[in-house]
Amino acid sequence: MVSISILGSGNVATHLISAFSKADSIHINQIYSRDMKAIQHFKNIANLTDDINSLEPVDLIIIAISDDAIPEFSKKITSKSLVVHTSGSVEMTSLLGNYPKGVFYPLQTFSKSTEVDFSTIPICLEADNDNSLKLLTKVASLISNKIYFINSNQRKKIHLAAVFVNNFTNHLYDIGNSICTENDIPFEILYPLIQETTNKIKNISPKQAQTGPARRNDQKTIENHLKQLSPQRQEIYSTLTKSIIKTYTE
Ligand SMILES: NC(=O)c1ccc[n+]([C@@H]2O[C@H](COP(=O)([O-])OP(=O)(O)OC[C@H]3O[C@@H](n4cnc5c(N)ncnc54)[C@H](OP(=O)(O)O)[C@@H]3O)[C@@H](O)[C@H]2O)c1
């Protein structure tokens, strides 16, 4: 049995608590939040606390709080247990206490209200010693089938790539959705196209998969599209169009 305490009550903490509570060989010992109200609904799963000085000895403490708060918060932990954070962009060395350190970064977008299947989520692991890495591997493999050993520098680059493939793509979905709504078109008409775009890059590279007016350098269509857009959307369209044209003419 591996004993774990989770610090935080947000999106990631919520999903980790849900996944760990389903795993037979994991015991969630304590859940911490500075706001007890935010964790009341976990009262049947673990002991709850809002006192960082009351953490009990466990195998693993997971800090799942906002990136910027991690360094200062991590200083307050006086435990000698292995302490990890769950961030894609924060270095392991930003954990500032006197304990073994690591990272347990689940590479997925989490919202409290949306169910996830943890078994398919890549978990990126890092630790400052072999025993800690062994323990993290054991814990990760109890909830996921996809484990990667990734150092802080690589993790930063994954996070950067993820902003392009997830955050920016989602913003483009939002623009597509607005264009549909403004013209009385159901956004769902684009679902099969979105799905196929995602499926295709599993078999051929994104570079090979590119289609569209910019890929063909079809200037008349590009000008026509630009005329239909607000200045802000024109800027986005032009930047992406130039980038695609440059990619295929170099
Ligand atoms: N969401 C994702 O898709 C995702 C994916 C992978 C990794 N991550 C990483 O996971 C971590 C948590 O992200 P999240 O999305 O779960 O964040 P979140 O939903 O915004 O929750 C943030 C949590 O941090 C707590 N917190 C903030 N500042 C604090 C402080 N100074 N002291 C104590 N607690 C503090 C908040 O408590 P209050 O409610 O009291 O403010 C809240 O429980 C981040 O490092 C993030 O980069 C997120």
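List of remarks:
- Among the GluC sites (Glu not before Pro) found in region 85-174, those both in a DSSP coil and sparsely packed, with 10 or fewer other Cβ atoms within 10 Å of their Cβ, are 115.
- Put a dot 7 Å past the Cα of residue 218, heading toward its Cβ, do the same for residue 178, and the two dots end up 2.4 nm apart.
- Calculated from backbone phi, Karplus (6.51, -1.76, 1.60) coupling profile of region 98-104 in Hz, x at Gly/Pro: 9, 8, x, 10, x, 9, 10
- Positive-end extreme of charge dipole, the chain - chosen from 168, 81, 17 (charges on Cβ): 168
- The phi torsions of region 125-137, fed into the Karplus equation with coefficients 6.51, -1.76 and 1.60 and a -60° offset, translate into couplings of 10, 8, 8, 8, 7, 5, 4, 5, 5, 4, 5, 4, 5 Hz, rounded to whole numbers, with Gly and Pro shown as x.
- A Cβ-based charge dipole, computed about the Cα centre of region 67-157 with Lys and Arg at +1 and Asp and Glu at -1, lands at about 160 debye.
- Test item: Cα-centred dipole of region 152-250, Lys/Arg +1 and Asp/Glu -1 on Cβ, debye: 620 debye
- With both residues required to sit in region 56-176, DSSP beta bridges show an antiparallel share near 35%.
- Under 17 Å from the residue 69 label point (7 Å along Cα→beta-carbon), backbone N, region 1-39: 6-17, 31-39
- Residue 82 long-range amide H proximity, modeled H, under 5 Å: 61
- Global geometry of region 3-118, whether rounded, prolate or oblate, following the gyration tensor of its Cα atoms and the 1.5 cut on a/c: rounded
- Most positive-pole-ward Cα, 26, 241, 90, against dipole of the chain from beta carbon charges: 241
- When 173, 105 are compared by accessible surface with a 1.4 Å probe, the order from highest to lowest is 173, 105.
- Global geometry of region 164-238, whether rounded, prolate or oblate, following the gyration tensor of its Cα atoms and the 1.5 cut on a/c: oblate
- In Å², nearest 10: area of residue 90 left accessible to a 1.4 Å probe: 20 Å²
- Computed 3J(HN,Hα) for region 147-153, one whole-Hz value per residue from the Karplus formula 6.51 cos²θ - 1.76 cosθ + 1.60 where θ = phi - 60°, is 10, 10, 9, 10, 7, 4, 5, glycine and proline marked x.
- Using a cutoff of 8 angstrom between alpha carbon atoms and counting only pairs six or more residues apart, the relative contact order for the chain works out to 12 percent.
- Beta-bridge orientation, the chain: approximately 20 percent antiparallel, per DSSP, counting only bridges with both partners inside.
- Dipole magnitude (debye, nearest 20) for the chain, charges at Cβ of Lys, Arg, Asp, Glu: 580 debye
The values are calculated or read from the model by the stated rules, or taken from the named source; none is laboratory data. Note that the structure is a prediction, hence the values are computed from the model and not measured. Cβ atoms come from the backbone with ideal geometry, glycine included; neighbour counts cover every protein chain shown. Each accessible area value is taken on the protein alone, full model and side chains, heavy atoms only, with ligands, DNA and RNA left out. Shrake-Rupley method; radii C 1.70, N 1.55, O 1.52, S 1.80 Å.
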